[in-house]
Amino acid sequence: MKKSLSFLLLIIFGFSFCQINVEEIKKNVTENPQKYYDDYLKTFKTNPSNLSQDEMNQLYYGSRFVDTGYGMSLFNRDYDEIWKIASRKGLSKSKAQKIRIKAEDAYHKAPLNLEILTSMVNIYNAIGEKAKVEICKLQNNRIIKTIDESGTGKTESSPICVITAGDMISFAKPVMMMGRAFKQKDLKTDDSCMLTEYSNGSTSLFVKCIGCLNF
């Protein structure tokens, strides 16, 4: 079992990757949000495949340095009313219709949130809107690819990079499941980010949350 999980981690994090230049991304989106966020976001909402990987990096990680109108505080506020219900497997059509308007409003403001995207797939599946299911899946896949290529996760200097604390835990789960020797260590990073080492025996995974200290 441990060997299988180790191999899975190698597959996920062992392919091509690029270093994420947080300062450059932050500078770009702060000085020119129209070009480096608004325009990219418009493309992401309609056809995410048209964005290059560099543009996806700028959009995804740059989103932590702009006011999207729906940050994590609002997500947490709405969790029990919307996202907890929407995340359930086998969501009924009636429940999906009940939460759809509020969920869509949040989704249009923050389509880069993986938890929101997963919930919208469930909502649209329950309602039967297959075209919207597919666009959400495309968006989700582009974000996962962006995270996978952000670093190897093997060293402190090449962490995989995400934008929410929840995503840090999601990507650390394979390490957590490897045995009882699981440890978590917070490492020093810049003012707006969190860098954490997740380890279990001889296996370590480094995950950086970009902009997670922006409140």
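The values are calculated or read from the model by the stated rules, or taken from the named source; none is laboratory data. In this text, all values refer to a predicted model and were calculated from it rather than measured experimentally. Cβ atoms come from the backbone with ideal geometry, glycine included; neighbour counts cover every protein chain shown. Remember, those area values only see protein heavy atoms, side chains included, never the ligands or the DNA or RNA. Shrake-Rupley method; radii C 1.70, N 1.55, O 1.52, S 1.80 Å.
Given the pairs K98/K145; K27/K173; K95/K130; K93/K145; K89/K183; K109/K173, which are separated by over 21 angstrom at their Cα positions?
Listed pairs above 21 Å: K98/K145; K27/K173; K93/K145; K89/K183; K109/K173.
At 15 Å minimum axial length over the Cα atoms and a Kyte-Doolittle cut of 0.5, report the qualifying DSSP H helices in the chain, or say none.
Helices meeting the criterion: 2-13, 114-127, 165-176.
Picking from V207, Q184, T196, whose Cα lies most toward the positive end of the charge dipole for segment 170-215 (charges on Cβ: Lys, Arg +1; Asp, Glu -1)?
Q184
Counting only protein heavy atoms and using a 1.4 Å probe, what share of the accessible area of segment 118-175 belongs to carbon plus sulfur, as a whole percent?
Result for segment 118-175: 58 percent of the exposed heavy-atom area is carbon or sulfur.
Averaging over all projection directions, find the projected area of the Cα convex hull of segment 126-210 and quote it in nm² with one decimal place.
If you wrap the Cα atoms of segment 126-210 in a convex hull and average its projections, you get 6.9 nm².
For the chain, report the translational diffusion coefficient in µm²/s to the nearest whole number, using Stokes-Einstein at 25 °C, 0.890 mPa s, and a Kirkwood Rh over Cα pairs.
So the translational diffusion coefficient is about 136 µm²/s.
Nothing charged except the Cβ atoms of Lys and Arg (+1) and of Asp and Glu (-1): what's the magnitude of the dipole of the chain about its Cα centre? Round to the nearest 20 debye.
1040
What are the ³J(HN,Hα) couplings of segment 198-210, residue after residue, when phi is run through the Karplus curve with 6.51, -1.76, 1.60 and θ = phi - 60°? Round to Hz, x for glycine and proline.
With coefficients 6.51, -1.76 and 1.60, one gets 9, 9, 8, x, 8, 9, 10, 9, 9, 10, 10, 9, 6 Hz.
Using the Cα centre of segment 89-215 as origin and beta-carbon charges of +1 (Lys, Arg) and -1 (Asp, Glu), tell me which of N141, S92, A110 is placed farthest towards the positive end of the dipole.
S92
Could you check what % of the DSSP bridge pairs in the chain are antiparallel, to the nearest 5?
80
If contacts are Cα pairs under 8 angstrom and at least 6 residues apart, what is the relative contact order of segment 96-215 in percent?
19
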